[in-house]
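The values are calculated or read from the model by the stated rules, or taken from the named source; none is laboratory data. Every value quoted in this text rests on a predicted model; they were computed, and no experiment measured them. Every residue, glycine among them, receives a Cβ derived from its backbone with ideal geometry; neighbour counts consider all protein chains shown.
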Amino acid sequence: MPRSTARRTTAKRTKQAVAAQPEIVRVGIYLRRSTDDENQPYTIEAQEERLRSYVDSQPNWIVALRFADDASGATTERKDLQRALAAARNGLIDVLLVYRVDRLSRSLRDTVDLLEELEQAGVVFRSATEPFDTATPIGRMLLQILAMFAQFERDMIIDRVIAGMERKAAKGLWKGGRRPFGYQVDKIAKKLIIDVAEATIVRLIFDLYVRDRLGTRAIASVLNNRGLRTTVGGPWSGHKILRMLDNRAYLGELTFREITVEGTHEPIIDEETFDAAQKILTERSEETSRRASNPSDYYLTGRMRCPQCGTALIGTRATGRNHTYRYYTCHTRNRYNRHECDAPRLDADAVDYAVLTALAGFYRDHQQLIADAVLKAQRSHRDARSEHTAELSTIETELTLTDQAIDRYLGAFERGTLDDETLATRLEALRTKQKQLRQRQAELTEEIDHEPVMPARSSLRAVTRHIETIIETGDDLGRKALIEALVAEVKITGPDRLTPIFKVLGPDAPRDVTNVDTGDISQPKLTQPATSPAPHRGAAAVLPATTPPKGAVRAMPTLVEVRGLEPLASSVRGRRSTRLSYTPWKHLKLTGPRSPCDDHPVRMDRHLRPAVS
């Protein structure tokens, strides 16, 4: 029987049962006192007294079962609520009675789901203080409206907190949070007051930036070399300097959302100096935007980590007398210079070309290695299913506890036992936790639902041709899309040695390269040549799956770490890696003053370019 028909039949039986007034109507009374209900007329005892009086007023009604929870209405994971639902499913009650709709749930979605479950069990839902009957369509509509108001009431509390902070901002009071460097907070007056020692450093920063025209990282180096530290005692960084230069609190202003109040406290920087700093910031920002207008300039951004400190490698440039050099540089080194990490830079041209060529060789020459890796990934996926399911259950519990904590803080705020600043701070932390938990929940669900599938050999051949086409004739956008789809990570395993970790294509990979979306490859342009790998057989290890990003070739989550296929990246370090070891592969030629041999490694100068044969 279709579900909709079953629901209509159940509802019809329920209406007939109530209308006929059977000899005895068994009522389950559900009581709930939330953690935010103190000092309100919703105690368990008060609810029970009202519900029993209501039952006594109805002909042939008796209290068959009693259910009581001392928990938040933000979740349905309540012990006695689940007992009540079980009693409904097992035919132990005819009516579930509550004091108010929000005693059942404060979430509209949860209320609708609970009503549907009760309806399928043939149980009528009633409220002792609100006039509706869920056995009728209009009654169900009224109930949903009441549930909407219950959720609306909860959301209004949060809005009142924000409104309170806006009122503080309008009065020029400090709204809370981390204080600006250079000021202390007068906790009684709720005002910012100048910290003389720190204010001296603030003036020095603006002076170095405006008068001496130093960059933010150079200023950070000056401060670090003098032994000066930030508010938390850490080293200075260009990012920290940049945020200070743009902070209008140093002009004596306070801003919250769209509210700006002038003259709330004593300024540290005069308006002329601050405006000059903003002008320089704008000029340098425009220059940076022009340099970053091509987001594909560095193919492997986000896919390599520093072997010394573990932070990501980012793309950087250095300008020589006649040439601009491209590097992958440790983010820590780039931010703090050499104070925190002195890992050497990698020649970006060499690394990019080496990894692309290794990728083509992997798909062309190692199809059995791919097949073995997928089989191993399938076994690992099945073995990990139970662990993932258990972790999902834990996450659901954590989400429930987080919802309950939010309700507790909102209740404390309503009772006046928690101030708005503390509430805002705690709510922000809980919202962040919720977001992280839901993201992990989505990742686990994706991993459980998507088992690796063995690609066909014809698909492997098609993708090999696709990869070669992009390397030969594609532009930067096409090559970066290729790497995003099929390269998970590149490990730095030695002074001049890299280990790529590849993704295996999905079962729906293209069979005809001409029908594949390769990104914009209309203008062939291959950047500086670099070292290619010398492909040979090696071992493969399957790493934990991740959600595949979008790219030129669709990939499934199987990751293969290929040991033995490392690019032989000699001279990828240092500023003057002008000569590179290169092993050409069959689809590329080298143009320039040297004539390479297709069968033997050759030495090549930086100005040589690979060209399509």
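Computed values, structure above
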| item | result |
| --- | --- |
| Inter-residue pairs, beta-carbon under 7 Å, first closer than 17 Å to Ile269 by Cβ and in region 220-248, second outside any helix (DSSP H, G or I) and among the hydroxyl-bearing types (Ser, Thr, Tyr), 6+ apart | Lys240/Thr230; Arg248/Thr255 |
| Test: residue in region 246-265 that is within 30 Å of Thr332 (Cβ to Cβ), among the polar types (S, T, N, Q) and surrounded by 14 or more Cβ atoms within 10 Å (Cβ to Cβ) | yes |
| Arg426 being outside the structural domain of Ser72 (by TED's automatic domain parsing) and touching a residue at least 24 places away in the same chain (Cβ under 8 Å) | no |
| Residue identified as assigned by TED's automatic domain parsing to the domain that holds Glu468 and at pLDDT below 85 among Thr301, Thr319, Thr357 | Thr357 |
| Residues located in region 400-423, provided they are free of Cβ contacts under 8 Å to residues at least 60 places away in the same chain and among the hydrophobic types (A, V, I, L, M, F, W, C) | Leu401, Ala405, Leu418 |
| Answer from Leu399, Leu430, Leu392 - the residue that is more than 20 Å from Ala71 (Cα to Cα) and at pLDDT 85 or above | Leu392 |
| All positions within region 328-379 that are in a helix (DSSP H, G or I), in contact (Cβ under 8 Å) with a residue 40 or more places away in the chain, surrounded by fewer than 17 Cβ atoms within 10 Å (Cβ to Cβ) and not hydrophobic (A, V, I, L, M, F, W, C) | Asp365, Gln367, Asp372, Lys376, Gln378 |
| Out of Asp403, Asp420, sole residue that is within 26 Å of the chain's Cα centre (by Cα) and under 26 Å from Asp102 (Cα atoms) | Asp403 |
| Test: residue in region 205-220 that is touching a helix residue (DSSP H, G or I) at 6+ places or on another chain (Cβ under 8 Å), hydroxyl-bearing (Ser, Thr, Tyr), in a loop (DSSP other than H, G, I, E, B) and closer than 19 Å to Thr332 by Cα | no |
| Options Ile471, Ile483, Ile501, Ile448; residue that is under 23 Å from Arg305 (Cβ atoms) and surrounded by fewer than 23 Cβ atoms within 10 Å (Cβ to Cβ) | Ile501 |
| Filter pass, Pro455 being more than 22 Å from Arg303 (Cα to Cα) and in contact (Cβ under 8 Å) with a residue 12 or more places away in the chain | yes |
